[in-house]
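The values are calculated or read from the model by the stated rules, or taken from the named source; none is laboratory data. Owing to the predicted nature of the structure, the values given are computational and were not obtained by experimental measurement. Here the Cβ is made from the backbone with ideal geometry for all residues, glycine too, and neighbour counts use every protein chain on show. All accessible areas refer to the heavy atoms of the entire protein, side chains included, with ligands and DNA or RNA removed. Shrake-Rupley method; radii C 1.70, N 1.55, O 1.52, S 1.80 Å.
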Amino acid sequence: MGFLIQDTLTEVVLIITTVILLITNYFHQSYKYWAKKGVPTIRPHFPLGNTNILLPKGLSVGTLSQKFYTEFKKRGEKFGGVYLVTEPNLVVVDPEYVKDILCKDFQYFVDRGFYYNEKDDPISAHLFALDGVQWRNLRVKLTPTFTSGKMKMMFQTVVDCCNFMKEAIEQNLAQDIEIKEILGRFTTDVIGSCAFGIECNSFKHPDAEFRKMGKEIFQYSIWGSLKAFVSMNLPKLSLQLGITSVTKEVQNFFTGIVTDTVNMRQDNNIRRNDFLQILMDLKDSSGLTLDEIAAQVFLFFAAGFETSSTTMTFALYEIAKNPEIQKKLREEICQVLENHDGKITYDSLTEMKYLGQVMDETLRKYPPLTTLNRRCTKDYTLRDTDVIIEEGTPVLISTLGLHTDPDFYPEPEKFDPERFSEENKKDRHQFVHLPFGDGPRNCIGLRFGLMQSKIGVITTIKNFKVLDSSWTKPVEFDPYTFMLNTSDKIYLRFEKV
Ligand code: HEM
């Protein structure tokens, strides 16, 4: 009996030891990948490689990729290799290589390589996530949605949404206002009107369904973070497990509202100037399904409201901190509007050159998407080297790294819109300012995002003096969020001009 127990115990110990040895050997071998290719790397650590995303006070992919960028740049490297857990990722540093990957050799880097699950979570199959031919076909269909003609059509709707925001600020003069909440309500109203033709009025009804959904999509949770981590690293298993990227509540809300609105418009022969109408027309002309429409509307909502409210928040924060810039901007806004009968018009936006510079500088210092992702779709040789990037390799381009590199932007912490004057722009590499990405897979909503952000800033600066608040702590980026966000809230004060 004693012998039997001892034998079983020995077997268990042997099995456990073998499994541990096999696992450590697997990690050890995986971590040799870049060295074998002669690509410089940062020493990985078992078991998370070069990431510590899941650990308390870990880093988001955005801040992590900036760290990689800075490290390779410091060593004088043009690119380098890192390991997210065991998966080798290429980090691109040199802007000429960035240009190759995003534009010149785009056919090798069509995919973003994000997880989506068409079966269990149809709204995750949107333009941002789709790969290959599916992405290309949809991009071609959706491109006409964002022409300048379509923007002009929606322009007045966006301007009208500003009235509620203006009233809300007027009611809180000389108080410390949490500005992102105000701007988040404004962009929710805009996207509600422009995507669905629905007046949300989130200022009157802060708990309106749209606002709740907006908050839910971007809310950090350990469970959400864990799901993102597993689906990013084990996509096949995640598909089998039916892992979804949004909650059932968000899924049901968007599919429900799209189905109801489409049916209501069809039954009553109603047409509107909004994204949903454009997508409904595509349903008839290009065979877009209802699920595909719901996925795109969900993406426009998610991509449209958070990116723009973040941009305006940081623009107003810097404007409050820099009274000289504020004065110059207000002078330009008032002068241009005078030539347009005091009204904000589509053409007046292009005439405001300094406003354009302020937005460019805001998006440099605070790019809402801090990293651009691509996945290599066929073996590719990096220019002037014999390094072959294999099919399937993820590529990280750190927008935040490029935007804060003192070689391109001396004193990167300084907010200086003069960096974007025509003269100063001329001497800089084109691929070191990438707030909207670049190439065939750049941001499709660029025009709309800039349009609503500019309209929001113009309305505020035209009507109010923006002041710093002692409640605002120095800006620190939140390590937990996918999009750029601050760890603490930003407060501002307003006075009537
Ligand atoms: C200030 C506002 C915005 C910023 C900074 C921004 C930024 C970005 C960036 C960096 C990308 C990735 C580009 C790349 O990988 O090269 C992207 C993609 C995308 N954005 Fe935006 N965005 C903004 C507003 C919007 C708006 C308003 C919409 C829609 C209403 C939108 C829809 C999209 C879509 C659909 C994609 C995926 C494009 C594709 O994969 O083909 N964005 N955005």
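Simple point charges give the picture: +1 on the Cβ of Lys and Arg, -1 on the Cβ of Asp and Glu, and for the chain a dipole about the Cα centre of about 300 debye. Seen against the Cα atoms of the chain and their longest principal axis, helix 148-170 is set at about 80 degrees. Across the range 310-361, Cα pairs under 8 Å and at least six residues apart give a relative contact order of 35 percent. Based on Cα contacts under 8 Å between residues 6+ apart, the chain shows a relative contact order of 22 percent. Among rounded, prolate and oblate, which fits the range 391-444 when a ≥ b ≥ c are the square roots of the eigenvalues of its C-alpha gyration tensor, a/c under 1.5 means rounded, and a/b larger than b/c means prolate? The shape class here is prolate.
Shown are 139, 493, whose ranking by accessible area with a 1.4 Å probe and every protein chain present, most to least, is 493, 139. Counting charges near residue 497 (Lys, Arg +1; Asp, Glu -1) among other residues having Cβ under 9 Å from its Cβ returns a value of +3. Can you work out the FRET efficiency for the pair residue 414 and residue 390, with r the C-beta to C-beta distance and R0 = 60 Å, to the nearest 0.05? Approximately 0.90, to the nearest 0.05.
Once label points are set 7 Å from the Cα along Cα→Cβ at both residue 5 and residue 338, what is their separation, rounded to one decimal in nm? About 9.7 nm, to one decimal. Taking label positions 7 Å along the Cα-Cβ direction at both residue 469 and residue 16, the computed distance is 5.5 nm, reported to one decimal. Placing R0 at 45 angstrom, the Cβ-Cβ distance between residue 120 and residue 46 gives a FRET efficiency of 0.85 after rounding to 0.05. By a 1.4 Å probe calculation restricted to protein chains, residue 16 has an accessible surface near 90 Å², given to the nearest 10. Adding -39500 (n - 2.57) for every DSSP H run of four residues or longer, then dividing by how many residues the chain holds, sets the calculated 222 nm ellipticity at -16500 deg cm²/dmol. For the range 369-384, the Karplus equation 6.51 cos²θ - 1.76 cosθ + 1.60, evaluated at θ = phi - 60°, returns couplings of 9, 7, 9, 9, 10, 9, 10, 5, 9, 8, 3, 9, 9, 5, 3, 6 Hz by residue, with Gly and Pro reported as x. Using R0 = 30 Å, the C-beta based FRET efficiency linking residue 423 and residue 489 works out to 0.20.
Using only Cα atoms, tell me the angle between helix 248-268 and the longest principal axis of the chain; keep it within 0 to 90° and round to the nearest 10. On a 0 to 90 degree scale, this one is about 50.
Accessible area per residue was computed with a 1.4 Å probe on protein heavy atoms; residue 28 scores about 110 Å².
If you sort the three axes of the alpha carbon gyration tensor as a ≥ b ≥ c, you get a/c of 1.5 or more for the chain and a/b above b/c, which makes it prolate.
Distant-in-sequence amide contacts of residue 465, defined by a placed amide H-H separation under 5 Å and a gap of 5 or more residues or a different chain, comprise 495, 496, 497. Close amide H contacts of residue 109 (hydrogens built in the peptide plane, cut-off under 5 Å, sequence separation of 5 or more or a different chain): 377. Listed cross-link partners 426/489; 166/248; 204/328; 248/473; 215/454 are compared with a 25 Å cut-off, the Cα-Cα value being larger for 426/489; 166/248; 204/328; 248/473. Angle of helix 323-338 to the longest C-alpha principal axis of the chain, folded into 0 to 90 degrees and rounded to 10: 50°. Between residue 28 and residue 264, the simple spin-label model (points 7 angstrom out along Cα→Cβ) gives 6.4 nm.
Only Cα pairs under 8 Å and 6+ residues apart enter the sum, and on that basis the relative contact order of the range 213-329 stands at 24 percent.
Mind running the shape call on the range 237-357? Use the C-alpha gyration tensor, a ≥ b ≥ c as the square roots of the eigenvalues: rounded below 1.5 for a/c, prolate if a/b tops b/c, oblate otherwise. Taking the square roots of the gyration eigenvalues as a ≥ b ≥ c, the range 237-357 is oblate. Scalar couplings 3J(HN,Hα) for the range 80-88, obtained by applying the Karplus form with A = 6.51, B = -1.76, C = 1.60 to θ = phi - 60°, are x, x, 10, 10, 8, 6, 10, 7, x Hz; x denotes Gly and Pro.
Distance from the C-alpha centroid of the range 357-424 to that of the range 468-497: 24 Å, rounded to the whole angstrom. Here the accessible area is traced with a 1.4 Å probe on the protein chains. For the chain, carbon and sulfur cover 55 percent of it.
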